[in-house]
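Read through the structure below, which is laid out as structure tokens, and then see the notes.
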Amino acid sequence: MAISEDLRFLEREALEAVLAADSLDSLDAVRVAYLGKKGSLTAVLRGLASLPPEVRPEAGRVSNEVRVRIETSLEQRRRALASVEHETRIAAEAVDVTLPGRARPIGRQHVLHQIVEEITGIFLGLGYRVADGPEVELDYYNFTALNHPPDHPARALQDTFYVRDLSGDEAEVEGESDVLLRTHTSPGQVHVMETQKPPIYVIVPGKVYRRDIADPSHLPQFTQVEGLVVDEGITFGDLKGTLEHFVRGMFGPDRRVRLRPHFFPFTEPSAEVDISCGICGGTGCRSCGGEGWLEILGCGMVDPNVFGHVGIDPERYSGFAFGMGAERIAALKYGVPDLRLFVEGDTRFLHQF
Amino acid sequence: MRVSLTWLKELVDITLPVEQLCERLDMTGTKVEAVHTRGEALKGVVVGEVLTKEPHPDADSLSYCSVDVGAGEPLRIVCGATNFEAGDKVSVACVGATLPGGLTIKRAKLRGIVSEGMMCSAAELGVGTDASGLLVLPAEAPVGAPFAEYHGLADSVLELEVTPNRPDCLSMVGVAREVAAVTGATFRVSSSELHEHGPTASDQVSVRIEDASLCPRYTARVIRGITVGPSPAWLAERIVAAGGRPVNNVVDVTNYVMYELGQPLHAFDLATIAHKGRMATLTVRLARANERLRTLDGQDRNLAADSVVIADDSGPVALAGVMGGEATEVGDTTVDVLLESACFGTASIGRTSRRLGLISESSLRFERGVDPELAARASARAAALIAEVAGGQVAPGVVDAYPGQRPPLTVRLRSARANAMLGTSLTADEMAAFLRPLGVDVAPDGEDLRCRVPTFRPDLSREVDLVEEVARLYGLENIPSTRPGGRGRVGELTDVQRFRMKLGSVLRSSGLDEHVGYSFGDRADLDRMGWELAPDEVLVELVNPMSAEQAAMRWSLVPSLLRAVSHNQRRGVPEVHLYELGTVFITAEGRKQPKERLMAGGALTGSWTGRGWDEPGRPLDFFDGKGVLEAVFGALHVGGWSVRASEYPWLQAGRTGDIVVGGDVVGWIGEVSARSASAFEVAPHVVLFEISVPALHKAASRAQVTYAEIPRHPAYELDVAFVVDQTLTAERLGSGIRSAGGSLLESVRLFDVYRDPSEAPDDIRKLPPGKKSVAFALTYRSSERTLSDGDVRPAYEKMLRKVAGALGAEVRQ
């Protein structure tokens, strides 16, 4: 039975070769060497046909068993080697997960506009709309219609920027002009009341200008948000409740609000609004100057003289107005020590908010 | 307004502690800005006794003393004064003390001898005017006692913020009345007895007012035979406590009465006023052309035509309500005084004092409004005090020109109206109780109140003014908080407002940070940019700028953006990506207000993220800027836009384009020119763009967004490279391919551009001279079936022929 012996020898040799293979490639070479088209076992199998018929079935059975055992061994070895190679590759591909990521840059909204959007969001929720007006205004809208007497000090050349009037009109006051950079967003009130009938619920955000030299606490240009409500039956209590709602939304639910009587030409009664200091909670500390309160806005009931300028009947309608500075709110909220940072465009500043 | 608590307590009974008083004033509209403790200013100044006084060995004018200050060794002090002897009690500023003038006492060598302190004069202590020698104290002064305490200076001074509607609170009496009203305390007015002698005032002085609107009332009194000298201590101290500076007894009395009653007064030296016979004649009138006046501060001033002056026959003697003239000033030799107590119109005083830069206690009060009814009472009070402190006789009567007298005002307050406005439910009686202590004469009339308002409250002229008084005295904190009802009301943004927010958000998603720059502009920036205004455009210029750099309004966002880039680069921040959404301004001859346009501008320089750990930071260029535009136009669904080569002086030639939407130029993009980069001090390679937001909004509002079916069949993809003239734009080639591509051609994407390096030798050149290779990835697709070679090839070959014919483009092999 030479053929069986040959087969057993071949099997032993093949199984040894399988075990000796140390990579998927060399294992495949072993497979080709024995089971490939020109492989040794394949050659033996091909030789079966020439055997005498009486030994053929036995030789066929044995050779088939050998082929199955070699294949089984090859498969076991392939799995073992594949697993090792997979682990090697995984180990090689491991990274230091603490390395920085590759971020796609995303820009930041300017902190002042974040504040303005936040304020806008609160008042949209209360059913207000947003109005705008020109930054280069007429004296009438900035002062006269807001009940400022002709000789009001805010009109002085040292406080208000006047713009060259190219219409050829003569200015009321020598050296001044009827055209100016708005000193507050309040002229927006007048435009709204001229063009809309009550009920009016609006806010007017925008840039305003005053003749202050830029220093840590002043800028010649800053950002205001004005609010105006005109409706039947509006009370000072409504103003108070609205501002309390706003302050809690803007600064947090535990901040207290107080209104102090004050004076503005276009509201009566008028008040300044303080919020309790966020650092000391109202007991007084360095950041609130020991007062426990921080002033954040001015407000009041719309003065009947203002209604007179826009043809709204003060016996039928009443209203309130308020105004606040976005720079001041941002400075308080984030502790910004120098207002000039808001206009310099330093990206190290812009990225903080 | 500075209010001495000691003085205030003479006028009103105050039982509240200072903090509670301040809180009460704050919450009723008179904000207390600060509380100063006056004694503090003299901390370290004590009563001392001079033990020995010897001549200084090296200086005849100095003496060398040893002074007992009640603690430790006697101090050794070198002194220049001569009006004292050993044994005298004096005030001693010890080392470390700071005097009201700001002088801090240090151990110092004077002519070789160490001095351990300083003995002070009344002027140095701020308690008088006498600077000629030491303030020698009475023998019973206790050695070692703090001087402020000994001298009765331990006083609190409240600094009040008085709002413009409350001129009455610019006086001690007014503040006392207010304090009484807000605390419920009792208020009393001090008075002094006036004795009059000799010929009547009206036989000695005549007054004429030319225009009652400039001067509703002018009163004059005559006091003869006075002796000008330093004020008594009580008077000098009151002046100092109120924030003033003692001058002499006559001037100090006029200031005292101003602080006390709120009536500014002026004393003329009667002898220096031009007389007609025995009559001194004064006229209140507008200044005449070319009139001049040398004012008390020694300045010669040209008087503007709208300035009100007090004039005698020789010309102006005082700028009414602002400052007196030097020639008629009360001085050491003055014997007879003409005392002015008048009321001037608010407008003219304000203008004059601002124009001349002369803001005085007097002008401040006139500008806010002085009660015309006060003039005669203040005059009598001041005359009595002058007679008391400077001697002399007050002539009987007051010369009183009062053309501006008005009947008292009565205002009706409807209690229902007040409650409706405030959201309260107060009774008319309760309202009356708030108003009466303010000096309002209230008479009930059913549910209404008839209120006669006092002349010292010009702010109370309408019903709403009384409502305000009720509100603040009731307490704003007691008004219940409510909110307006909301039936039928919606809060929403307009289309334009939502568009602006979206634009900002897309720019941020593209990596740009928002900058908010100054709206001001600099005319010189026109030159820095090389920007030429159109023939009909005029820069918007300010009448009263604060600096040349901010003398106009900006017409472009570029200067603001480049300044921000420069600011960052100078501070070592190279990666700068900014956008600004801001208004620009331009006007034209004949226009009153300028045109305001909202623009979106951008500036990009450096790289996106800087050098990373596994990649270099690629420097940003034109195409990064254009990529931002692509993201913006894509997100806003604006199709049919392109960038067309263009030129602007502030941008580098050849790397500049107009942004065109539907045939309209809506903006531009490019890299900054070398000239502008150096003018704005930025490093080169800054990409800039500027787009009109309204134009962009118009294009975006035309956009129609509809669903397009997601392809179900696979695409057939093909790459092709063309060799074309270098001058042929990618856009023309691309649109040539698209239009010739046939219905199956879905998309054309440019993926490579190759040019031989300009210096390359001929043997390594891959292309003929003047040519470039541009490669495209073509995608063919049918919505009905999977495409085969046979479907695509004919269309592809046809496209190649057409493109070759139209653009001379050859397929690169």
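Assigned to a strand (DSSP E or B) and surrounded by 22 or more Cβ atoms within 10 Å (Cβ to Cβ): which single residue out of A:L259, A:L243, A:L239 fits that description?
Working: A:L243 fails: assigned to a strand (DSSP E or B); A:L239 fails: assigned to a strand (DSSP E or B).
Criteria check complete, one pass: A:L259.
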Hits in region A:43-67 - residues which are exposed (fewer than 12 other Cβ atoms within 10 Å of the Cβ) and either of a type in the set (D, E) or not in a helix (DSSP H, G or I) (or both):
A:P52, A:P53, A:E54
Sort out which residues of region B:309-327 are crowded, with 24+ Cβ neighbours inside 10 Å and of a type in the set (S, T, Y), and write them in order of number.
none
Subset of region B:33-60 (residues that are in contact with an Asp or Glu (Cβ under 7 Å, 6 or more places away or on another chain), of a type in the set (D, E) and in the same structural domain as B:V90 (by TED's automatic domain parsing)):
B:E49
State yes or no: is A:P261 assigned by TED's automatic domain parsing to the domain that holds A:K207, free of Cβ contacts under 8 Å to residues at least 12 places away in the same chain and over 30 Å from B:L604 (Cβ atoms)?
yes
For region B:1-56, which positions are of a type in the set (A, V, I, L, M, F, W, C), touching a helix residue (DSSP H, G or I) at 6+ places or on another chain (Cβ under 9 Å) and part of a strand (DSSP E or B)?
B:V3, B:V12, B:V32, B:V35, B:V45, B:V46, B:V47
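Would you please name the residue that is least open to solvent (accessible area, probe 1.4 Å), looking only at residues in region B:661-698 that are aliphatic (A, V, I, L, M) and more than 22 Å from B:L512 (Cα to Cα)?
Among those residues, the one meeting the criterion is B:V661.
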For B:V399, indicate whether it is more than 36 Å from the chain's Cα centre (by Cα), farther than 16 Å from B:V284 by Cα and of a type in the set (V, I, T).
no
Of all the residues that make up region B:561-579, how many are more than 8 Å from chain A (Cβ to nearest Cβ) and either without any contact (Cβ under 8 Å) to a residue 24 or more places away in the chain or of a type in the set (S, T, Y) (or both)?
2
Counting only residues in region B:19-56 that are more than 21 Å from B:V95 (Cα to Cα) and aliphatic (A, V, I, L, M), the one surrounded by the fewest Cβ atoms within 10 Å (Cβ to Cβ) is identified as B:A34
For residues that are open to solvent by 10 Å² or more (accessible area, probe 1.4 Å), of a type in the set (A, V, I, L, M) and in contact with a strand residue (DSSP E or B) (Cβ under 8 Å, 6 or more places away or on another chain), tally how many sit in region B:565-589.
3
Mind checking which residues of region A:135-165 are open to solvent by 40 Å² or more (accessible area, probe 1.4 Å) and either at the interface with chain B (Cβ under 10 Å from one of its Cβ atoms) or at pLDDT below 85 (or both)?
A:P149, A:P150, A:P153, A:L157, A:Q158, A:D159, A:R164
Count - residues of region A:276-314 that are open to solvent by less than 60 Å² (accessible area, probe 1.4 Å) and in a strand (DSSP E or B)
10
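So which of B:R452, B:R412 ends up being within 14 Å of chain A (Cβ to nearest Cβ) and more than 30 Å from B:N255 (Cβ to Cβ)?
Numbers: B:R452 fails: within 14 Å of chain A (Cβ to nearest Cβ).
Sole residue among the options that is within 14 Å of chain A (Cβ to nearest Cβ) and more than 30 Å from B:N255 (Cβ to Cβ): B:R412.
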If B:M119 meets every condition in (1) surrounded by fewer than 22 Cβ atoms within 10 Å (Cβ to Cβ); (2) under 19 Å from B:V50 (Cβ atoms); (3) at pLDDT 90 or above; (4) not acidic (D, E) apart from one, which number is that one?
(1)
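For B:G602, indicate whether it is open to solvent by less than 50 Å² (accessible area, probe 1.4 Å), within 11 Å of chain A (Cβ to nearest Cβ) and at positive phi. Break it down into steps so the answer makes sense when it comes.
On the way: open to solvent by less than 50 Å² (accessible area, probe 1.4 Å): yes; within 11 Å of chain A (Cβ to nearest Cβ): yes; at positive phi: no.
Taking the combined requirement at face value, the residue does not satisfy it.
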Determine if region A:91-102 includes at least one residue that is away from every other protein chain (no Cβ under 14 Å) and not in a helix (DSSP H, G or I).
yes
Going residue by residue through region B:793-811, is there one that turns out to be in contact with a His (Cβ under 6 Å, 6 or more places away or on another chain) and at pLDDT 90 or above?
no
Among (1) open to solvent by less than 10 Å² (accessible area, probe 1.4 Å); (2) under 21 Å from B:A703 (Cα atoms), the one test that B:G657 misses
(2)
Being open to solvent by 50 Å² or more (accessible area, probe 1.4 Å), within 7 Å of another protein chain (Cβ to nearest Cβ) and among the small types (G, A, S) is the filter; apply it to region B:473-521 and report the residue that is nearest to the chain's Cα centre (by Cα).
B:S481
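Within region B:645-663, does at least one residue satisfy the condition of being in a strand (DSSP E or B), over 30 Å from B:P574 (Cβ atoms) and either in the same structural domain as B:R597 (by TED's automatic domain parsing) or more than 43 Å from the chain's Cα centre (by Cα) (or both)?
Yes - at least one qualifying residue is present in region B:645-663.
Could you list all residues from region B:533-549 that are free of Cβ contacts under 8 Å to residues at least 40 places away in the same chain, open to solvent by 50 Å² or more (accessible area, probe 1.4 Å) and not hydrophobic (A, V, I, L, M, F, W, C)?
Of all residues in region B:533-549, those free of Cβ contacts under 8 Å to residues at least 40 places away in the same chain come to B:534-535, B:541-549.
Cutting the leftovers down to open to solvent by 50 Å² or more (accessible area, probe 1.4 Å) gives us B:535, B:541, B:546, B:548-549.
Hits for region B:533-549 are B:P535, B:E541, B:E549.
Across region A:335-353, what is the total count of residues that are at positive phi, open to solvent by 30 Å² or more (accessible area, probe 1.4 Å) and facing chain B (nearest Cβ under 7 Å)? Reasoning before the result, please.
The initial filter retains those residues of region A:335-353 that are at positive phi, namely A:335, A:345.
Among the residues that remain, those that are also open to solvent by 30 Å² or more (accessible area, probe 1.4 Å) are: A:335.
Now narrow it down to the ones that are facing chain B (nearest Cβ under 7 Å): none.
Here the count works out to 0.
Of all residues in region A:222-236 being outside any helix (DSSP H, G or I) and open to solvent by less than 10 Å² (accessible area, probe 1.4 Å), which is farthest from the other protein chains (Cβ to nearest Cβ)?
First, the residues of region A:222-236 that are outside any helix (DSSP H, G or I): A:222-235.
Those left that are additionally open to solvent by less than 10 Å² (accessible area, probe 1.4 Å): A:225-230, A:234.
Details: A:V225: 14, A:E226: 15, A:G227: 12, A:L228: 12, A:V229: 6, A:V230: 10, A:I234: 6 Å.
Of everything passing the filter in region A:222-236, A:E226 is farthest from the other protein chains (Cβ to nearest Cβ).
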Return the pair list, or none, for Cβ contacts closer than 8 Å from residues in region B:677-688 that are among the β-branched types (V, I, T) to residues that are assigned to a loop (DSSP other than H, G, I, E, B), at least 6 apart or on different chains.
B:V687/B:L620; B:V687/B:D621
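Quick one: is B:P74 touching a residue at least 12 places away in the same chain (Cβ under 8 Å), open to solvent by 30 Å² or more (accessible area, probe 1.4 Å) and not assigned by TED's automatic domain parsing to the domain that holds B:C169? First the steps, then the outcome.
Values: touching a residue at least 12 places away in the same chain (Cβ under 8 Å): yes; open to solvent by 30 Å² or more (accessible area, probe 1.4 Å): yes; not assigned by TED's automatic domain parsing to the domain that holds B:C169: yes.
Yes: the conditions hold for B:P74.
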Residues that are open to solvent by less than 30 Å² (accessible area, probe 1.4 Å): which strands (runs of 3 or more DSSP E) entirely in region B:355-465 hold 2 or more of them?
B:399-401, B:409-414, B:448-453
The residue from B:S783, B:S773, B:S758 that alone is of a type in the set (S, T, N, Q), exposed (fewer than 11 other Cβ atoms within 10 Å of the Cβ) and in contact (Cβ under 8 Å) with a residue 24 or more places away in the chain is B:S783
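The values are calculated or read from the model by the stated rules, or taken from the named source; none is laboratory data. A quick note: this is a predicted structure, and the numbers were derived from the prediction, not measured. Because the Cβ atoms are built from the backbone with ideal geometry, glycine has one as well, and the counts that use them run over all protein chains shown. Heads up: the accessible areas ignore ligands, DNA and RNA and are worked out on the full protein's heavy atoms, side chains in. Shrake-Rupley method; radii C 1.70, N 1.55, O 1.52, S 1.80 Å.
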